[in-house]
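The values are calculated or read from the model by the stated rules, or taken from the named source; none is laboratory data. What you see is a predicted model; the values in this text were computed from it and never measured. Cβ sites come from the backbone with ideal geometry, for glycine too, and all protein chains shown count toward neighbours. Side chains included, ligands, DNA and RNA excluded: accessible areas come from the protein's heavy atoms. Shrake-Rupley method; radii C 1.70, N 1.55, O 1.52, S 1.80 Å.
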Amino acid sequence: MSKMEALKLSLIIISLLLTSLRSIASSPDNHRYNVGDHVPLFVNKVGPLNNPSETYQYYELPFCGPDPVVQKKESLGEVLSGDRLTSALYKLNFRENKVAETLCHKKLEGDDVAKFRDAVINDFYFQMYYDDLPFWGFVGKIEEDSWTLEKKSLKYFLFKHVQFDVLYNGNQIIEVHAIGDPNQVVDITEDVGVDVQFTYSVVWNTTSAAFDTRMDRYSRASSLPIHLKIHWFSFINSVITIMLLIGLLTLLFMRRLRNDLRIRFSTGDEEDDKEVGWKYIHGDVFRYPRNKSLFCAVMGVGTQLLTLVCSLFVLVCLGILYPYNRGTLCTALVILYSLTSGVAGYTTASFHCQFAETGWERSVLLAGIMYAGPLFVIGSILNVVAVSYGATVALPFGTIMVIILLYAFLTIPLLVLGGVIGYLFRSEFQSPCATKRYPREIPPLPWYRDTPCQMFLGGFLPFSAIVLELQHLYASLWGYRIFTLPSILFIMFIILILITAILSVGLTYIQLSVEDHQWWWRSVFCGGSTAIFMFAYCIYFYTRSSTSGLLQFSFVFGYNACMCYAFFLMLGTVGFRSSLMFVRYIYRAVKSE
């Protein structure tokens, strides 16, 4: 082999190696592309702007589509989120500009024109995904044709040309927009067939924005600085609330409670006992509550949901889970709920066995259906409503079977296993004071010391600390804002737990001071009462929005009821656990005297 041939062969080998290395380094999996590479684009859904839950498959409207239409294989979370990604005729290769590229020629019949006109009247948008970036555009526009003395004449137009504006940084895509050209439209005011040539253009521009921050723009309604300023205001407001509550609680311990503990506790008979207040009911304060099985189930499910939420936040903060990715959050919720069911079984059984060694199976059974039961009933009703509308939020039969099988073969076995472990490692209830045989009669109390008033106080203060973050959360759940600041949300969740615990301790002390020993269930109700204010705020949020229709109404209130119910169980568990620690502490201190 001559030197020239050897040189040519070496160049070919080097070029092949470089090509293979480029192909390995550039792919949709790592979101890196070379010029001319195919970038995945999927059409998703269409729906009215004011009703985010009312979405339909993209080709429910007679757009240009491939033959056959190929639906992307979706995860469980994507299906639960109502995503139905399918193939499209648009070709947006990396950094390739296109001008007036023909998508298709289509003959719109009278029925097709009517569908498009109804979509324009209801302010329909379409959603697509390009390199896993969601973007939206409108189907058409409405213009005022003329004015008369009797009525206003309107004309409806369909956009037949879409311009895609894409921003890139190096070999990565940062941002994408779809804009309907208002100068290239088709009049669809009348139900008359029309020939339409659909076209599109692609414009690429460079940007200095980093790839890691490309999701930030979805988190703001107007501008990011204002958004962050609101977050900081909410954070400072919550911190001030905590400081005030800690100050009040410190005052309680340093003055009132310390003075109570100075007085020696009498050990004589009840007739000779001159003490009043919380010391006077030492023989009743650790009396087991009514409906023990239900109470234990509440503790188990509340602990499970608290573990689930904390696990989600930890995964997000560690970068393992990205909540703004398509369907990821829903998938994580379903899987983590099943995995944490063992926590519910163990907590329920172990807590029940502190009161009695038998009957723990009933408590575990209640824990298995306490949250999953209402969620299944509400979900079934909402699915029937969604099916009647033909919306994408309706779950297909296969997805329903997957959820049922997951619950039957993973959730229930882990729940039972946790219950058995809790029974095997049971322990007695640690009570500093012996419980008397007959309960002491509770003296009459004024109305402001009753449970509803305490629930109002115990729920309003934590709610006032999180209301601004709750606004952002609801805008993300029932609007188009994508929440990309989960770390701040995690901090607010911790603050919510701290405020709930502090208030529960204070309210329990006030209740015991007036010789009311039935604090077990009341600490649960006072701790979980924040969820009632959260649901009330949902009603306010819905009335202030532009949403309408049975589908949107059902989904907003149905799923928000499930979410608030979960918060009631979580915060109720926090309220009782903190109150139990406090009660044990003060009565142990009294006994030690």
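About its Cα centre, what dipole magnitude does region 29-213 give when the only charges are +1 on Lys and Arg Cβ and -1 on Asp and Glu Cβ, stated in debye to the nearest 20?
Working: 17 positive and 29 negative charges, 51 e Å.
For region 29-213, the charge dipole is close to 240 debye.
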### Message
Rounded to the nearest percent, how much of the accessible area of region 29-213 (1.4 Å probe, protein heavy atoms only) is carbon and sulfur?
### Response
46
### Message
Using the Karplus curve 6.51 cos²θ - 1.76 cosθ + 1.60 with θ = phi - 60°, what ³J(HN,Hα) values do you get for each residue of region 394-400, in whole Hz, with x for Gly and Pro?
### Response
6, 7, x, 4, x, 5, 4
### Task
Would you please put 521-529, 414-422, 552-560, 91-99 in order of how densely packed they are, using the mean number of other Cβ atoms within 10 angstrom per residue and starting with the highest?
521-529, 414-422, 552-560, 91-99
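Ranked highest first by the average count of other Cβ atoms within 10 Å around their residues, in what order do 164-176, 562-574 fall?
Numbers: 164-176: 18.5, 562-574: 22.6.
Sorting 164-176, 562-574 by mean packing, highest first, produces 562-574, 164-176.
Apply 1/(1 + (r/R0)^6) to the Cβ-Cβ distance of Leu410 and Ala434, taking R0 = 51 Å, and write down the FRET efficiency to the nearest 0.05. All intermediate terms of the calculation are to be shown ahead of the outcome.
Numbers: r = 43 Å, r/R0 = 0.85.
Step by step, r from the Cβ atoms, then E = 0.70.
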